[in-house]
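Notes to accompany the following structure.
Bear in mind these aren't lab numbers, they're just calculated from the coordinates by the rules spelled out. The structure displayed is predicted, hence computed values, not measured ones. Heads up, the Cβs are rebuilt from the backbone with ideal geometry, glycines too, and the neighbour counts pull from every protein chain shown.
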Amino acid sequence: MDSLGNTLANLLTIAWLLPLFGFVVQILFALKWWGRKSKTGAYLAIFCIGAGFVCSSTAFYKWDTQAGHLVFKEAKPAATAEVAAPESEPTAEASDEHHHKKSSGKQTVFSGTFYQLAQFGDLKISLDYYIDSLTLAMFVMVTLIATCIHIFATGYMSEELVEDYVDHQVHTHDGGHFHRPGRFYRFFSYLSLFCFAMLGLVIAGNIFQVFIFWELVGICSYLLIGFYIERHSASTAANKAFIVNRVGDFGFIIGLMILWTSFGTFNFADQHAADHSVKPGLFSMVTRDDHGEFAKTSGGKDVVLTTQQDGHGAWQAPPESSPRKTIAYTLLIVAGLGVFGGCVGKSAQFPLQTWLPDAMEGPTPVSALVHSATMVAAGVYLAGRFYPMFTPEVLLTIAYVGCITAFVAATIAIVATDIKKVLAYSTISQLGYMMLGLGVGGWAAGLFHLITHAFFKSLMFLCSGSVIAGCHHEQEMPKMGGLLRKMPITALTMLVGVIAIAGLAIPGVYLKFWWYIPYLSINSDHGYVLSFSGFHSKDAILATALGYTKLNPLHFLLFLIPLLTAGITSFYMFRLWFYTFLGKPRDQHLHDHVHESPWVMTAPLLVLAFFAAFCALGGEHGNLFQTLSHSEPSHVEHGFDGSQSHTVSLPDSHSLHVKPAEGGASTHDVAGRSALLAAFIGMVISYLIYAKRVVNPDDIKRQAASVHAFLANKWGFDDLYDVMFVKPAHVVAKFAAAIDKFVFDEILHTFVRMGIAVSKWDRKFDEGVIDGIVNLMGNSTHSLALSLRNVQTGKIRQYVTFIAVSVVTLFVLLFALYPKG
Amino acid sequence: MHDIGSLVVHMLDETTKTSVRLFAPELVLSGTIVVMLLCRILPVVWRVPTQWIALAGAFSAFALTLCQFDSLVGGAARAESFFTGLLMFDQFSTFFRMFLSLFLILTITLTVLTGIPDREDGPDFYTLLIGATIGLMIMASANHLLMLFIGVEMTSVPSYAMVGFLKGRKKSSEAALKYVVYGAGAAGVMLYGISLLAGLTGTGSLPEMAERLSMIVAQGKGISDPTNRTIVLASLMVLVGLAFKLSVFPFHFWCPDAFEGAAAEVAGFLSVASKAGAFALLVRFGLAFSGHSKEVSSIAFALGIGLGVLGAATATFGNLSAYGQSNMKRLLAYSTIAHAGYMLMSVSALMVLRFSKYAGAEADAASLSCIEGLMYYLFVYLFMNLGAFAIVALIRNQIFSEELDDYNGLGTQCPVLCFGMTICVFSLIGLPPMGGFFAKFAIFYSVFKATSVHWVMWFVLGAGAINTVFSLFYYIRILKAMYIKPRPEGARKVNYDLMPVGLFVLMICLPVLGLGLFPARFTETFHHVASVLLTGR
């Protein structure tokens, strides 16, 4: 299996480093070699990320056939018998599957070290890799979407291919527009750097390395949001994004410090030393027992780290007699919350969600890649990656944060009129869903939604980009309408995305046609609901939430609010589509000039539409979900009974599918049907209002003016933060500046004045006395020297006389020196 | 008669078996003179250029001295006196003979390049040059008051002729005449001193002198005793003769006039070679007072202090007088006087340390470093001073002037020559990393050691330090003229090819740098020579 590990590591490393190569070449040489008007740099970037996609896919395929294969395929014979009963309960396979997972002995996680950066005592800072099915799925997803978006951007950004670019949104003092050189090459070099950073984050094998690339994607995000740096709104938005993220990163750093102090390592996986000794990684140190409980000290306040291996290689707590590493349970909670704080900032969760809508100031491809599909999902990814370290209390916090975020963002999206803003709020809302899913114990469900969302949201962003390009940079929906005929491909692919995110489906329709497509035919025994990807993933999250609510009735809102939000989501997404593509054109002048985008932009839309529709085929029995759940932390599967330790309980993922003995539907089915119902209701209302115009939306707006104002004001978060943080910061800053100016500067100035006075006197002294002495000495020496010439008379008579005189003089002198008797 | 007969037999025996072998370098040089003169007479070899014969002779002498030095250092030969004790063969004398023959090679090469003796005068000039060198070598190995006088005179007489060699020039002839008269006066004084010493001690041999002196010296009476007074006066008079050769103040008057009148090549020869020989002789004469008698030591100690004061006065006088000079040769003449002053300081330190009341292991080590410093100084001085004079001669050949003002703006016209001049000037000032810096450093270090013995040495040290600053100004004037001032319109151009002139200049100047960069390689040898001279080991 080592060879497989090496192969995977090599392939992913190539995929990871190619964009870095692209970045270096572009930033250093693009201008010199190819000039501003050339697309060569963009083609290089596309090549790098495209080759990365090929490498990632190959790695995924290799992993699937060699490591993941057995799990599915061996479970299959039992399943095929039940083809006729697709909705039946799969307990048998599940237990089989479980059995295989544990006993197959096949290695499915590969870790190692690229390069050690530094060592502080026991702690090593190194560049590691940690490859499991989540890593691979993320790699394929990121490289695929990034490739599509790179291609799209060559069309979208082509206006920058000039020596003199006129930015119509920036006004100079004389009333004209701002002129600057085009920055096409720079855009693509930033994109390449971002891809490198994002892939580095995903492949990272220790939490510190994650942090490094975490900050690097933050920098890329800053650069790309502020791409039109001359626009005041863009530069402000870039700053806002960066600063708000720092708040979350503060928590991240606290988490890192606790981990370093208590665990003494940053590594996820176990470290195999050259002498065959094994150092446990973070995940090994917090293994749970069969009941999902941590090993604790007798008092129950401290968690004992499982740092010793038993005969079978399983990690367990050392006996009480031997020295043990412990960490206070509360400290473990703080560490988890700290790391999650980083995720809150990066994934724009409540209460740090305010930066993401502003980030839409960046070019639309950036919004699609960085601010919907990949970077903002990094928070969810990290929460998933770091899942074993989270205690049930932390998970509850995650669930509530996700729930609130999902709801708040969805309500704001109802009233937003900027097409990109609607998508931005929808992104925040969906990220909230993912967090919720993780928080209620649906590890695979949350990450499943991460992947599906990435596809349909990047698709919709690119569609909006196509619309914006077609409408000559008009982003306000009220000015659009009736674009379906003008740009049919964009409209229809957008519709695919809308259906996917709304979670619409036609239950009971199965397409056996898919059985014949090799990869997708696995687990075809369950048949397929005719639906797009979003339905399945949202279904999985809601089902887990319902199971969670059943175990912890106190937290019933964790199911009801997401359900309501599902309806709202459907409503505002269809509102967007109806607003934009149906109805009569509201701005005839604009409408006349609208055109469908060129192929270079529509082709990526079609590719992404395909994946948005079908990537989750088969739902929770489909290949994608199964692949992901393969990396699920082992303690998640059985749920957790929190009644003993007075914490929340977590549902058992298999019980969700169990039909109760007394009849009726399983938890999963109940949740799925309710969600579908909510989505349909949302769609219908939207249709009635915005397509049929049964009620004039403006009337509603007038009727509920206060509510509208509240929502349009984004629940007042920006104002609140302005009052709470920005204004006080300004006051403090002014105060500090005043102290600086009137106190410290004064002191300094006084010193300087004194210095000047002293040096004036010093100069006088210097010129008058010192120089005088020196000059006097110099002059007297010189005149003495000149007078010495007179001795040399040139008269031989004198010379000879001098001999006699000298001898006598010297003799007399010697008398003086010589000691008298 | 029998006694005399056996004495003659013994002498012949010694002469043929030892002395001739040890005296071989000088004999080779004498042979060279004979060959050159014969060539002049015989019509067959009339056409043979004499400079090549001279050069061959110089090379042979150098090779012989090198072999002798090598065998001495390697332990194959041992130090001994020869010619019945008239001359001394040891590391010290051999080093100086080697030094002088090397210098002879360089000077002949320079004259070949500048062509100063024309075809007609070649044999005469080289005869004089080589003859003076033989005299200097005898000075370096003199072990007897007689040889002391013969060596000085053998050097002086050809030097007078060489100074006046530029026939038909009033200045040259005048300078030569002044030199002759002044030299005769100084020689007279020295000869008087020698006869007094020999009369008092009954011997001329330097090693025996200390012992004889201790027998006749009046214990505890100091200078009030007539014998002691006579010894002091006699030593002083001998030193006057040497001081004339060294151009020490106040016996330097001949030097600027003679240098100005002579060709630069001759001036260069006189400034370096006669100083090397005279210093070797001075050290030898000073060490002749070594003995167990405290009274003799105190006389030598007083002489040493006196030399230190003279050295300080010489350096100061030389440097200050150089200020007002506008002629390069005159300027360098005063610079030569100043450097003699520095070197005299180290001899003074040697005598002060050696003959102090507190003589011990530490003083011995310090006096070793005095000789070491002197030898190092002379070795660097050979290159830097010859370099300066050579460049003056080479430039004179092109612009027909030796005035400083005519050097304006030469830096761009002959970069190699000016670069060489820069190195030499920096070294003469004593700036690191040139050899001159370490040489000055070594001498000041030994003077500093001597300050613990007598307070006057503090004054000497201070004078040396201040003089280094004084010297800066007039040396810098040369560089200022060459590099900063513009070349006047219509001035004569200086054009030299890199081969062979540039190569020769670099060959002389780069060792100055090399000696500064790797001083340790040479000081080891010097240390060995000095320790053999002082301790016999």
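Miscellaneous remarks
- Cross-link partners for B:LYS167 among the lysines, with Cα-Cα distance under 18 Å and sequence neighbours closer than 8 places in the same chain left out: B:LYS178.
- Listed pairs A:LYS479/A:LYS701; A:LYS301/A:LYS346; A:LYS421/A:LYS479 exceeding 22 Å between Cα atoms: A:LYS301/A:LYS346
- Cut-off 14 Å between beta-carbons: net charge of the residues surrounding A:LYS734, Lys and Arg +1, Asp and Glu -1: +1
- Over 28 Å (Cα to Cα) - which of A:LYS62/A:LYS325; A:LYS760/B:LYS485; A:LYS240/A:LYS457; A:LYS296/A:LYS538; A:LYS37/A:LYS240; A:LYS62/A:LYS659 fall in this group: A:LYS62/A:LYS325; A:LYS760/B:LYS485; A:LYS296/A:LYS538; A:LYS37/A:LYS240; A:LYS62/A:LYS659
- Put simply, the amide H of A:ILE125, placed in the peptide plane, has neighbours under 5 Å in A:LEU117, A:ALA118, A:GLN119, A:PHE120, leaving out anything fewer than 5 places away on its chain.
- Residue-wise HN-Hα coupling along the stretch B:364-369, computed from phi with Karplus coefficients 6.51, -1.76, 1.60 (Hz; x: Gly, Pro): 4, 4, 5, 5, 4, 5
- Charge-dipole axis of chain B as Lys and Arg at +1 and Asp and Glu at -1 on Cβ define it, positive-most pick from B:ILE429, B:LEU303, B:TYR407: B:TYR407
- The distance from the alpha carbon centre of the stretch A:704-757 to that of the stretch B:97-136 is 90 Å, rounded to a whole number.
- Computed FRET value (nearest 0.05) for A:THR809 with A:LEU784, which takes r as the C-beta separation and R₀ as 30 Å: 0.90
- Computed 3J(HN,Hα) for the stretch B:117-127, one whole-Hz value per residue from the Karplus formula 6.51 cos²θ - 1.76 cosθ + 1.60 where θ = phi - 60°, is x, 6, 4, 5, 8, x, x, 5, 4, 5, 4, glycine and proline marked x.
- Within the stretch A:400-509, the trypsin sites (Lys or Arg not before Pro) that combine a DSSP coil assignment with at most 14 other C-beta atoms in a 10 angstrom radius are A:ARG485.
- Surface/4 estimate of mean projected area, convex hull on alpha-carbon atoms of the protein assembly as shown, nm²: 82.1
- Per residue, chain A reaches -20000 deg cm²/dmol at 222 nm when only DSSP H runs of four or more residues are counted, each adding -39500 (n - 2.57).
- Translational diffusion of the stretch B:21-535 was estimated from the Stokes-Einstein equation, with Rh taken as the Kirkwood radius over Cα pairs; at 37 °C and 0.692 mPa s the coefficient is 142 µm²/s.
- Distance from the Cα centroid of the stretch B:232-257 to that of the stretch B:358-393 is 20 Å (rounded to whole angstrom).
- DSSP-assigned coil residues among chymotrypsin sites (Phe, Trp or Tyr not before Pro) in the stretch B:447-537, each with at most 15 further Cβ atoms within 10 Å: B:TRP455
- Sites counted here are GluC sites (Glu not before Pro) in a DSSP loop (not H, G, I, E or B) having no more than 12 other Cβ atoms within 10 Å; the longest part of chain A that contains none of them is A:321-661.
- Counting every other Cβ atom within 10 Å of each residue's Cβ, B:MET343, B:MET215 order from fewest to most as B:MET215, B:MET343.
- Approximate spin-label separation A:LYS795-B:LYS485, in nm, with each point projected 7 Å along Cα-to-Cβ: 3.2
- Our note on the geometry: Cα centres of the stretch A:155-181 and the stretch B:147-224, 98 Å apart.
- All Cα pairs of the stretch A:728-793, percent lying beyond 14 Å: 76
- Taking the number of Cβ atoms within 10 Å of each Cβ as an exposure proxy, the fewest-first ranking of B:ILE395, A:ILE254 is A:ILE254, B:ILE395.
- The charge dipole of the stretch B:21-535, taken about its Cα centre with unit charges on the Cβ atoms of Lys, Arg (+1), Asp and Glu (-1) only, comes to about 520 debye.
- Using R0 = 45 Å, the C-beta based FRET efficiency linking A:THR65 and A:ARG485 works out to 0.45.
- Between the listed residues A:GLN798, A:VAL684, A:HIS272, the Cα displaced farthest toward the positive end of the dipole of chain A, a dipole computed from Cβ unit charges relative to the Cα centre, is found at A:GLN798.
- Cut-off 11 Å between beta-carbons: net charge of the residues surrounding B:GLY85, Lys and Arg +1, Asp and Glu -1: -3
- Sites matching trypsin sites (Lys or Arg not before Pro) across the stretch B:34-106 that sit in DSSP coil, with at most 16 neighbouring C-beta atoms within 10 Å: B:ARG47, B:ARG78
- Dividing the summed helix terms, -39500 (n - 2.57) for each DSSP H run of n ≥ 4, by the number of residues in chain B produces a 222 nm estimate of -25000 deg cm²/dmol to the nearest 500.
- Residues whose amide H falls under 5 Å from that of B:SER81, counting only those 5 or more places apart or on a different chain, are B:PHE89, with hydrogens built in the peptide plane.
- Sequentially through the stretch A:689-698, phi angles give Karplus couplings (6.51, -1.76, 1.60; θ = phi - 60°) of 6, 9, 9, 8, 6, 4, 10, 6, x, 5 Hz, Gly and Pro residues having no value and appearing as x.
- Summarising the amide proton neighbourhood of A:VAL170: residues at separation of 5 or more, or on other chains, whose placed amide H is nearer than 5 Å comprise A:PHE178.
- Per principal axis, descending, Cα span of the stretch A:313-428 in whole Å: 66, 25, 19
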